[in-house]
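Asks: I am attaching a structure below and will ask some questions about it afterwards.
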Amino acid sequence: KVSTGSYKRQVYEVPSGKQLVDQAVIDRITWATWTSVLGDEVIGIWSRHAEKADVNCACVSHSGINLVTGDDFGMVKLFDFPCPEKFVRTCF
């Protein structure tokens, strides 16, 4: 999975390097790790007035139930994962 500077998520097959475009195929993928700030699974990490560039990094716990983010304001935030609802509050 690749996140572009234009805030688009692209998924590629390994080892062919062919881009996957069939959303049904992409939805069936179980990721070993998650470090993207893009996707339906992380829509809730932005506050109501935040811009996309405000959240710089994200990482899902090994158990797959928590997500931590870092932002431009020096904040580290903890969320439940997935976090598909807009403007969700952090876990703490």
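The values are calculated or read from the model by the stated rules, or taken from the named source; none is laboratory data. Please read these numbers as outputs of a predicted model, since none were measured by experiment. Heads up, the Cβs are rebuilt from the backbone with ideal geometry, glycines too, and the neighbour counts pull from every protein chain shown. Keep in mind that these areas ignore ligands, DNA and RNA; they rest on the heavy atoms of the full protein, side chains included. Shrake-Rupley method; radii C 1.70, N 1.55, O 1.52, S 1.80 Å.
Asks: Go through segment 75-92 and give me each residue that's open to solvent by 40 Å² or more (accessible area, probe 1.4 Å), of a type outside the set (Val, Ile, Thr), touching a strand residue (DSSP E or B) at 6+ places or on another chain (Cβ under 9 Å) and touching a residue at least 12 places away in the same chain (Cβ under 8 Å).
Replies: Lys77, Leu78, Asp80, Phe81, Pro82, Cys91, Phe92, listed by residue number.
Asks: Something else now. Take segment 28-45 and flag every residue that is among the acidic types (Asp, Glu) and surrounded by 17 or more Cβ atoms within 10 Å (Cβ to Cβ).
Replies: Here is the first cut: in segment 28-45, the ones among the acidic types (Asp, Glu) are 40-41.
Within segment 28-45, just Glu41 meets the criteria.
Asks: Out of (1) part of a loop (DSSP other than H, G, I, E, B); (2) touching a residue at least 12 places away in the same chain (Cβ under 8 Å); (3) open to solvent by less than 70 Å² (accessible area, probe 1.4 Å); (4) not β-branched (Val, Ile, Thr), what's the single condition that is false for Arg48?
Replies: (3)
Asks: Which one is modelled with the lowest pLDDT, of the residues in segment 40-64 that are out of contact with any strand residue (DSSP E or B) (no Cβ under 7 Å at 6 or more places or on another chain) and not small (Gly, Ala, Ser)? Can you show your working first?
Replies: As a first pass, look at segment 40-64 and keep what is out of contact with any strand residue (DSSP E or B) (no Cβ under 7 Å at 6 or more places or on another chain): 40-41, 43, 47-53, 61-64.
Now restrict to residues that are not small (Gly, Ala, Ser): 40-41, 43, 48-49, 51-52, 62.
Working: Asp40: 85, Glu41: 88, Ile43: 90, Arg48: 85, His49: 85, Glu51: 84, Lys52: 80, His62: 92.
Filtering first and then ranking leaves Lys52.
Asks: Anything in segment 15-27 that is modelled with pLDDT under 90 and open to solvent by 50 Å² or more (accessible area, probe 1.4 Å)? List them, or say none.
Replies: Residues of segment 15-27 that are modelled with pLDDT under 90, as a first pass: 26-27.
Matches in segment 15-27: Asp27 only.
Asks: Do you know which residues across segment 51-74 are in contact (Cβ under 8 Å) with a residue 24 or more places away in the chain and open to solvent by 50 Å² or more (accessible area, probe 1.4 Å)?
Replies: Of everything in segment 51-74, those that are in contact (Cβ under 8 Å) with a residue 24 or more places away in the chain and open to solvent by 50 Å² or more (accessible area, probe 1.4 Å) turn out to be Lys52, Cys59.
Asks: Specify the residue that is farthest from Val55 (Cα to Cα); the eligible residues are those in segment 2-14 that are open to solvent by 80 Å² or more (accessible area, probe 1.4 Å) and at pLDDT below 85.
Replies: Lys8
Asks: Still on this structure: Only residues that are out of contact with any strand residue (DSSP E or B) (no Cβ under 6 Å at 6 or more places or on another chain) and among the aromatic types (Phe, Trp, Tyr): list them for segment 11-36, please.
Replies: Trp31
Asks: Here's something else I'd like to know. Among the residues of segment 27-61, count how many are of a type outside the set (Asp, Glu), under 25 Å from Phe87 (Cβ atoms) and over 12 Å from the mean Cα position of the chain (by Cα). Break it down stepwise before answering.
Replies: Initial filter on segment 27-61 (of a type outside the set (Asp, Glu)): 28-39, 42-50, 52-53, 55-61.
Those still in the list that are under 25 Å from Phe87 (Cβ atoms) too: 31, 34-39, 42-50, 52-53, 55-61.
From what is left, the residues that are over 12 Å from the mean Cα position of the chain (by Cα) are 47-50, 53, 61.
So the count comes out to 6.
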